[in-house]
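Single-structure report; data block below.
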Amino acid sequence: MRVLLFAGLAEACGQPALDLPDTQSPATVGELEARLRAGFPALAARPFRMAVNRRYATGAERVVPGDEVALIPPVSGG
Amino acid sequence: MAAPGLDLIAVQERPIDVAAVLAAVEGPGEGGVVLFLGRVRDQARGRPVRELDYQAYGPMAQLELEALARHARECLGAARVALVHRTGRLALGEVAVAVAVAAPHRPQAFEACRWLIDTLKQRVPIWKKEWYADGGEWITDRP
């Protein structure tokens, strides 16, 4: 599963996306967030929301292989 | 999806054509048009700013902007909406975002325009990096 990163999160991780093995799929968005925070120290304490298929997602939603997952740090457009 | 012909929604690298933004909301039944332009300032939080970078999660930003425009039409009395945001490197003074609303009367136009820019800043996945004399910083806090 590919996880898109933006802005400060992409800089902190040194790449625009993370590739996760699909071992524990399907999972919930909340479980995926916990895996990411545990697996990538740069993400551990940084604020972000999760988006699945280009929509903000809640922690209880399912995420399956093939979904487009993105981490959305606090936005600053405008 | 946005109703065809009712909204101009774009996340784009090229400069914003303000006349085209206004033209997009023109209509014979709307007496009030409100235009908001967000421009690149030369300072932020007391630090001189030299230029800005904007990055967008383009496809999601487009969907979010379409949803905002739809809400403005369905719930706030807007007849037509234009929302355009720049990406990439912007110089001081350039227009980073344009919001235009046409409504039958001015109260709806003002209210919808204010709600659109406020909500855009809260939830549309676009990020600003400020460049100073000594480096750059992604902005993640809303003052």
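The values are calculated or read from the model by the stated rules, or taken from the named source; none is laboratory data. All values derive from a computational prediction rather than experimental measurement. Cβ placement follows ideal geometry from the backbone for every residue including glycine, while neighbour counts extend to all protein chains displayed.
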Report whether or not B:Val97 is under 28 Å from A:Pro47 (Cα atoms) and under 15 Å from the mean Cα position of the chain (by Cα).
yes
Taking segment B:78-102 on its own, how many of its residues are more than 11 Å from chain A (Cβ to nearest Cβ), in contact with a strand residue (DSSP E or B) (Cβ under 6 Å, 6 or more places away or on another chain) and aliphatic (A, V, I, L, M)?
11
Quick one: which residue in A:Ala17, A:Ala70, A:Ala7 is of a type outside the set (Val, Ile, Thr), over 23 Å from B:Ala67 (Cβ atoms), at pLDDT 95 or above and touching a strand residue (DSSP E or B) at 6+ places or on another chain (Cβ under 6 Å)?
A:Ala17
Can you pull out every residue in segment A:11-34 that is crowded, with 18+ Cβ neighbours inside 10 Å, in a helix (DSSP H, G or I) and under 11 Å from the mean Cα position of the chain (by Cα)?
A:Val29, A:Leu32, A:Glu33
So is B:Ala56 within 17 Å of B:Ala109 (Cα to Cα) and among the hydrophobic types (A, V, I, L, M, F, W, C) or not?
no
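Take segment B:69-89 and flag every residue that is part of a strand (DSSP E or B) and either in contact with a His (Cβ under 8 Å, 6 or more places away or on another chain) or surrounded by fewer than 20 Cβ atoms within 10 Å (Cβ to Cβ) (or both).
B:Gly88, B:Arg89
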Name the residue that is farthest from B:Ala19 (Cα to Cα), counting only residues in segment B:99-143 that are of a type in the set (Asp, Glu) and touching a residue at least 24 places away in the same chain (Cβ under 8 Å).
B:Glu130
The lone exception for A:Ala51 - which of (1) at pLDDT below 95; (2) within 14 Å of chain B (Cβ to nearest Cβ) it fails
(1)
Determine whether B:Gln108 is part of a helix (DSSP H, G or I), within 14 Å of chain A (Cβ to nearest Cβ) and modelled with pLDDT of 95 or more.
no
